[in-house]
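Working notes, beginning with the structure itself.
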Amino acid sequence: MADEKQQPARAKSPGKADPRLRLDTSRVTTAYCNYFSAQQGAEEVVLNFGLRQQWDPADQNLNVRILQQIVLHPTSVRRLRDLLDKLMADRAARTAQAGPSA
């Protein structure tokens with residue numbers, strides 16, 4: 001309504017916990033993927049994940065079954081890139097600490 005006063009945005013008070021993220025995994029599926037590709041448009045990036053069907057190097061055709069297509073906003077792609085960079089850096093650090101395997 002027009003006569004209602006808008007509440008100003010409240011600053012996060014010190015010591016107050018951020019809201020917790022709740023993930024609904026009731027419909028999650030898992031698939032092994034050994035193929036991926038990406039295309040970009042003006043306002044989105046499309047990631048395709050799939051499974052390469054054959055491994056015969058003599059065959060000139062590459063048959064891939066696309067299992068999942070994900071459409072992301074470019075900002076989400078940057079966050080995904082940053083997350084993957086961090087994961088790979090953490091993995092490299094753990095590998096370096098472990099040294100060569102016996």
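The values are calculated or read from the model by the stated rules, or taken from the named source; none is laboratory data. A quick note: this is a predicted structure, and the numbers were derived from the prediction, not measured. With ideal geometry, Cβ positions are generated from the backbone for all residues, glycine too; neighbour counts draw on all protein chains shown.
Among 94, 81, which is the only one that is basic (Lys, Arg), exposed (fewer than 10 other Cβ atoms within 10 Å of the Cβ), without any contact (Cβ under 8 Å) to a residue 40 or more places away in the chain and outside any loop (DSSP other than H, G, I, E, B)? Please lay out each step first, then the result.
Numbers: 81 fails: exposed (fewer than 10 other Cβ atoms within 10 Å of the Cβ).
Sole residue among the options that is basic (Lys, Arg), exposed (fewer than 10 other Cβ atoms within 10 Å of the Cβ), without any contact (Cβ under 8 Å) to a residue 40 or more places away in the chain and outside any loop (DSSP other than H, G, I, E, B): 94.
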Of the residues in region 17-54 that are of a type in the set (Gly, Ala, Ser) and assigned to a loop (DSSP other than H, G, I, E, B), the one that is modelled with the lowest pLDDT is 17
How many residues, within region 32-47, are under 15 Å from residue 65 (Cα atoms) and surrounded by fewer than 10 Cβ atoms within 10 Å (Cβ to Cβ)? 1
